[in-house]
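The values are calculated or read from the model by the stated rules, or taken from the named source; none is laboratory data. This structure is a prediction, so every number in the text was calculated from the model and none was measured. So basically every Cβ, Gly included, is an ideal-geometry build from the backbone, and we count neighbours across all protein chains shown. The protein model used for the area step is the full one, side chains on, heavy atoms only, and it has no ligands, DNA or RNA in it. Shrake-Rupley method; radii C 1.70, N 1.55, O 1.52, S 1.80 Å.
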Amino acid sequence: MNYVNNPDAARHWRIRVGTADRDTSHAIAAMLAVKLQMSGKRADYQMPWNVPHSDDYDLRNCSTGRIASVNKRQVKVR
């Protein structure tokens, strides 16, 4: 995880791993979150209950902020 110490790396990270995820060990995401925090970065880490890898995690429940404004502006492409 040497890339975390890169001074050009992002300062804010959002990590989601559903508890029903079979593709990656939960420990990997947890270790990444800890490493980020130890490097002075912000890690928004959550494990949504009973959500598989293929789900959209908590996006469908988001009603405020940037995601909601993007969803309102979506246009259908023909």
Next item on the list: Can you work out which of the residues in the stretch 1-35 that are open to solvent by less than 40 Å² (accessible area, probe 1.4 Å) and assigned to a loop (DSSP other than H, G, I, E, B) is farthest from Asn50 (Cα to Cα)?
Entry: Ala9
Notebook entry, point to check: Counting only residues that are closer than 13 Å to Arg14 by Cβ and of a type in the set (Lys, Arg), how many does the stretch 31-49 have?
Noted result: 2
